[in-house]
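Beneath this line is the structure, given in structure tokens, with notes to follow.
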Amino acid sequence: MPAAPSTTSPDRTGGSQTRGPLAAVENASSAAILKVLRVTLHAGFAVLLGVALVRILMTGGPLRWLWAGTAVVLAGVYLAGTVLEKRHAEGRASMDPRRFALLWLVLVTGLWAFLLAGSADFAWLAFPIFFLHLHLLPRRAALRTIALMTVAVIASQWAASGAPVPHVAAVVGPALGAIFAVITGLAYAALYREALNQRRAADELRRTREELARSQHEAGVLAERERLAREIHDTLAQGLSSIVLLGRAAEQSLAGGDTTGAASQLDLVQRTAAENLAEARSFVRGLSSPQLEGSTLVDALRRLCAATETGAAAAGLPLRCRVEVDGDPLDLPQPVRVTLLRAAQASLANVREHAGARTAVVTLAFLGTEVTMDIYDDGAGFDPDAAAAAAQGGDGGFGLRSLRERVAALNGSLELESAPGEGTVVAIRLPLEDR
């Protein structure tokens, strides 16, 4: 039974849809052409068999019912094979009829040969059967069987004519028909292979799209996780650290009987908690820092310096922080403002908690095509190489890595200069030309 490409094809969403006339017009694929050829082949076989059956019944003869019965059996075998193949191609039958294709071809050819021996009217059925041989057999075997069938057709025509020598038309006609059938069958086979390749390519494209969508989803999830990690570290983590230090300072003040100082420290704890709550709500919504809403970056940095001094004083640290501006302030893009503010928050938190510094200076410079920010402190300093090695080993260092990622996302640069006992400078440079 002729195995053929399915009449269904994958749609753009990865499912399947039935090919209709409109789809065939919009995309005249080889599968659509093959469908037309298959229908033509089956219709031609049915017409030729019907004509021969009518002629054999009209001409009479003692064996006409034998030939008529055999013709009906041939029609049933042919129809059963084609129906089973179609149902399997459409996914409506679990049994694969291709395992019995050769047996089916032998039955069809054998029944035709038996009918041909009884009447030359069945000779023209050879031409649709040629296509079956070309489709189901290896090329050399198919050509041999077609040659034998052509000889049989010529012999039946010769015998029916009763002439001592076969007429030229009785030889040339079947020979040309066989040649035409071979050429058409080879073209059909080429179209069939192309249809299979198209279906495989469509399946591969669908799998590729699914993998791409899955990888994009995973990349989006990872990017969102990184964003939340940076925001949590630069806001909530620093705020909670400040609250812990202020709570300890308030506890010490109460233990020493300084209720005024404890009240001031607890008030600062409340303000810090409120600010971090606003930050949490803001970055969950993907918005900018509340400290930048209705305010300039310079004003936000000055408030940050004042809060750093207050927090350090509450913890008993004599830290002084100031902001210096170089050049005429520009209206910076929101991503640049947020990155610079987060950098200042993370750097000053490190100064307050780890450096033991007395002075911190935030210098913001507007240079036309770029903006720079330097955060300097005169604290204890550290070894940058050792800190980088610790970060690679997973032992802290997330703040610096997060800051580098923020700066790199804006095509900027970050430099860190420090040494034990010599303070620290964090230098950030962000370009503005592309913005």
* **Other-chain or far-sequence residues with amide H under 5 Å of Val371's (modelled H)** => Leu430, Leu432
* Asked: What's the extension gain from Thr369 to Phe114 if we count 0.36 nm per residue and subtract their Cα-Cα distance?
  -> 82.5 nm
* How much net charge surrounds Ala187 when only other residues with a Cβ under 14 Å from its Cβ are counted (Lys, Arg +1; Asp, Glu -1)? -> +2
* FRET efficiency for Glu417 and Ala278, Cβ-Cβ distance as r, R0 = 30 Å, nearest 0.05? -> 0.35
* **Using a Förster distance of 51 Å, the FRET efficiency for His167-Glu210 (Cβ separation, nearest 0.05)** => 0.20
* To do: At 0.36 nm per residue, minus the direct Cα-Cα distance, what do Ala75 and Val244 gain on full extension? Give it in nm, one decimal, please.
  => 51.7 nm
* Structure fact -> With the 8 Å Cα cutoff and a minimum separation of six or more residues, region 74-168 has a relative contact order in percent of 22
* Structure fact -> Two pseudo-spin positions, 7 Å from Cα along C-beta at Thr184 and at Leu222, lie apart in nanometres by 5.8
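Bear in mind that the values in this text are calculations on the coordinates, not laboratory data. On a predicted model such as this, the values are computed, not experimentally measured, just so you know. Note that we place each Cβ from the backbone using ideal geometry, even for glycine, and neighbour counts take in every protein chain shown.
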